[in-house]
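The structure under discussion appears below in the form of structure tokens.
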Amino acid sequence: MIIVLKPQTEPEQIKHIVDMIEKVGLRTHISAGEHQTIIGVIGDKTKLANYPISSISCVESVVHVSKPYKMASRDFHPEDTIIDVKGAKLGGGNLWIVAGPCSIESEDQLRTVAKFVKNAGANLLRGGAYKPRTSPYSFQGLGEEGLKLLKKIGEETSLATVTEVMDTADVELVAEYADVLQIGTRNAQNFSLLKQVGKLKKPIVLKRGMSQTIEEWLMSAEYIMSEGNQEVVLCERGIRTFETAYRNTFDVLAIPVLKERTHLPIIVDPSHASGMWQYVIPMALAGLVSGADGVMIEAHHEPEKAMSDGAQSLKPKKFDLLMSEIRKIAPVVGKGINL
Ligand code: PEP
Ligand code: MN
């Protein structure tokens with residue numbers, strides 16, 4: 001349920017309503033917009049049966065929300081959420097260009113990739129230190145050593161950093177080193193992990209589970225938000241379908257659907273969606289034209305030697321080409337004011 005307040009409602013009146021709701025054991029979420037304030041009510045609303053909220057003088061309307069996600073819903077928070085990590089803004093026309101290798105392999109490798117993506121215009125550096133590999137015999141990542149390198153090279157290049165956390169036991173450690181934590185597709189419904197990153201005060205990139213519906217994905221976001229962390233970035237990275245000509249099916253239609261249903265920013269990962277470098281640029285542009293607020297791109301100076309996902313990684317020249325295409329196309333769809 002949401003309570004829409006009349007313009008110019010005084011803070012004391014808001015507090016009075018919030019206190020009343022919380023006294024019966026429900027939770028509230030306030031969204032103070034430019035023109036109107038909304039109080040979202042979470043929990044069993046029958047507890048408010050004896051409180052005639054709609055007749056309070058400062059209440060404009062009471063709307064019942066049937067969607068299972070509340071904090072993630074646009075009904076609760078009509079304006080777009082804007083996230084700012086070390087000056088890299090996301091949303092409201094600002095794009096995140098997150099780029100870097102799939103795996104952090106060595107100091108030299110990370111520095112080389114970070115430099116070329118930064119020079120081309122990336123504003124965040126990605127790199128995996130804990131890798132969710134299909135085979136236990138494949139490279140699993142450098143662990144804490146990789147996190148140290150990510151922090152070091154991020155500072156050297158003045159790029160905010162993004163890295164995946166796979167295990168509840170590593171959340172604190174990863175948060176010590178990285179600016180943004182990523183939940184991978186395989187952990188998109190690992191509810192204990194979602195709850196734990198929900199306690200952090202750092203943005204979370206939440207990849208779409210490879211067989212998650214949009215509603216299930218938003219429920220995963222809700223798990224994070226219900227613990228207090230409102231800075232969730234949704235990342236469309238392709239879903240599993242019957243098609244085998246490419247790695248996953250890039251669900252571009254999810255972007256406008258999400259824009260309607262949620263205020264959370266959305267980025268796209270055309271690297272994992274396609275699995276092949278030659279499809280990365282067109283899919284990145286398709287994502288931006290469809291309303292995405294940014295891209296996450298795997299890049300490598302020697303993809304043929306990469307320890308993971310070389311086939312989908314862009315080399316420096318292709319990354320430059322991607323950036324010049326983004327600079328042409330983004331302004332047409334009202335994006336990229338920060339590029
Ligand atoms: C990654 O970003 O390197 C990754 C493993 O992504 P996903 O979880 O989308 O497969
Ligand atoms: Mn990868």
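Note that the stretch 73-119 shows a convex hull volume over its alpha carbon atoms of 106 Å³ per residue.
Taking a sphere under 13 Å around the Cβ of N229 and counting the other residues whose Cβ falls inside, with K and R at +1 and D and E at -1, yields a net charge of +1.
Separation of the stretch 1-77 from the stretch 192-240 is 24 Å, based on Cα centroids. With springs only between Cα atoms under 10 Å, which of M296, M71, M323 fluctuates most in a Gaussian network model of the chain? So, out of M296, M71, M323, the one fluctuating most is M323. Would you mind getting me the FRET efficiency between T241 and A49? Use the beta-carbon distance for r and R0 = 45 Å, nearest 0.05. The value I calculate is 0.50. Taking the alpha carbon gyration tensor of the stretch 118-261, multiplying each eigenvalue by 5 and rooting it gives semi-axes of 24, 19, 17 Å, largest first. The charge dipole of the stretch 80-185, taken about the Cα centre with unit charges on the Cβ atoms of Lys, Arg (+1) and Asp, Glu (-1), comes to about 400 debye, rounded to the nearest 20. For the stretch 204-260, the calculated P(r), taken from all Cα-Cα distances in 5 Å bins from zero up to the bin holding the longest distance, is 4, 18, 28, 24, 14, 8, 3, 1, 0 percent.
Cross-link pairs exceeding 26 Å in C-alpha to C-alpha distance, out of K89/K115; K195/K259; K70/K118, comprise K70/K118. Working value for the stretch 31-153: equivalent-ellipsoid semi-axes of 46, 20, 10 Å, each the square root of 5 times a Cα gyration tensor eigenvalue, largest first.
The stretch 78-142 and the stretch 283-339 have Cα centres lying 12 Å from one another. Rounded to the nearest 10 degrees, the angle from helix 316-329 to the longest Cα principal axis of the chain is 40 degrees. Relative to the longest principal axis of the chain, what angle (0 to 90°, nearest 10) does the C-alpha long axis of helix 214-225 take? Value to nearest ten degrees: 80. Rounded to the nearest 10 degrees, the angle from helix 144-157 to the longest Cα principal axis of the chain is 90 degrees. Debye-formula intensities of the stretch 83-332, expressed as log10 I(q)/I(0) at q = 0.15, 0.16, 0.17 Å⁻¹, are -1.00, -1.17, -1.36 (one equal scatterer per alpha-carbon, no solvent). What is the set of long-range amide H partners of V205 at a cut-off below 5 Å, with H atoms built 1.01 Å from backbone N? Placed amide hydrogens put L181, Q182, I183, V233 under 5 Å from V205. Counted over the chain, the DSSP beta bridges are approximately 40% antiparallel. Taking the three principal axes of the alpha carbon atoms in the stretch 198-296, the coordinate ranges are 40, 25, 23 Å, sorted in descending order.
For the residues D179, D320, D44, a GNM of the chain with alpha-carbon springs under 10 Å puts the largest fluctuation on D44. What the phi angles of the stretch 80-90 give under the Karplus curve with 6.51, -1.76 and 1.60, with θ = phi - 60°, is a coupling list of 4, 6, 10, 10, 10, 10, 6, x, 8, 8, 10 Hz, glycine and proline written as x. For the chain, the residue among V63, A254, L26 whose Cα projects farthest onto the positive side of the dipole built from Cβ charges is A254. Measuring spread by the Cα atoms of the stretch 2-63 yields a radius of gyration and Dmax of 10.7, 31 Å. Annotation for K202 and V4: the two label points, set 7 Å from Cα along the Cα-Cβ direction, are 3.9 nm apart. The length gained on full extension between V24 and V332, counted as 0.36 nm times the residue separation minus their Cα-Cα distance, comes to 105.9 nm. From its DSSP helices (H runs of at least four residues, each -39,500 (n - 2.57)), the chain gives a residue-normalised ellipticity at 222 nm of -9000 deg cm²/dmol.
With all protein chains in place and a 1.4 Å probe, the accessible surface of the stretch 2-63 carries 51 percent carbon and sulfur.
The values are calculated or read from the model by the stated rules, or taken from the named source; none is laboratory data. This one's a predicted model, so the numbers in the text were calculated from it and none came from an experiment. Please note: Cβ atoms are built from the backbone with ideal geometry, for glycine as well, and neighbour counts cover all protein chains shown. To get the accessible areas, we keep the full protein, side chains included, count just its heavy atoms, and leave off ligands, DNA and RNA. Shrake-Rupley method; radii C 1.70, N 1.55, O 1.52, S 1.80 Å.
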